[in-house]
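Heads up, the thing below is written out as structure tokens.
The values are calculated or read from the model by the stated rules, or taken from the named source; none is laboratory data. Just so we're clear, the structure is a prediction, and the values are computed from it rather than from any experiment. Every residue, glycine as well, gets a Cβ built from its backbone with ideal geometry; the counts of neighbours run over all protein chains shown.
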Amino acid sequence: MIAERVPDRPERAGLDERQLGILAFEARAWQHPGVKAEAIREEFGISAARYYRILGELIDSPAALRREPMLVKRLQRMREARQAARTRRSLSIGRPLD
């Protein structure tokens, strides 16, 4: 009889402790960006810029989507909205005034 291998922690789905921590951190409600940036440094020991690079990669991860689908989809929508706003601003900079 061959036993099937069952992962020790299937709920992790390929995410490490830091990635799980980042998802939990993002699920919190943050009212002030400065407070969040300080909390990022205290909790993860990295700069906010580094944190957001890691988060950007994480929300593109199928493992993160499987783990926290609503959170990841919300973060993806927010990122797309920011990108669209930047595009609109950059297109309007070069337009002549009427």
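Return a yes/no flag: does the range 66-79 have any residue that is among the polar types (S, T, N, Q) and modelled with pLDDT of 95 or more. So far as the range 66-79 goes, yes, one or more of its residues are among the polar types (S, T, N, Q) and modelled with pLDDT of 95 or more.
In this structure, does Glu43 turn out to be part of a helix (DSSP H, G or I), closer than 23 Å to Ala63 by Cα, at pLDDT 95 or above and acidic (Asp, Glu)?
Values: part of a helix (DSSP H, G or I): yes; closer than 23 Å to Ala63 by Cα: yes; at pLDDT 95 or above: yes; acidic (Asp, Glu): yes.
Spelling it out, Glu43 is indeed part of a helix (DSSP H, G or I), closer than 23 Å to Ala63 by Cα, at pLDDT 95 or above and acidic (Asp, Glu).
Scanning the range 49-91 for residues that are among the acidic types (Asp, Glu) and in a helix (DSSP H, G or I) yields a total of 2. Among the residues of the range 19-60, those identified as loosely packed, with under 12 Cβ neighbours inside 10 Å and either over 11 Å from the mean Cα position of the chain (by Cα) or more than 23 Å from Glu80 (Cα to Cα) (or both) are Arg28, Ala29, Gln31, His32, Pro33, Gly34, Val35, Glu42, Gly45, Ala49. For the range 37-82, a tally of residues being charged (D, E, K, R) and under 17 Å from Asp16 (Cβ atoms) returns 8.
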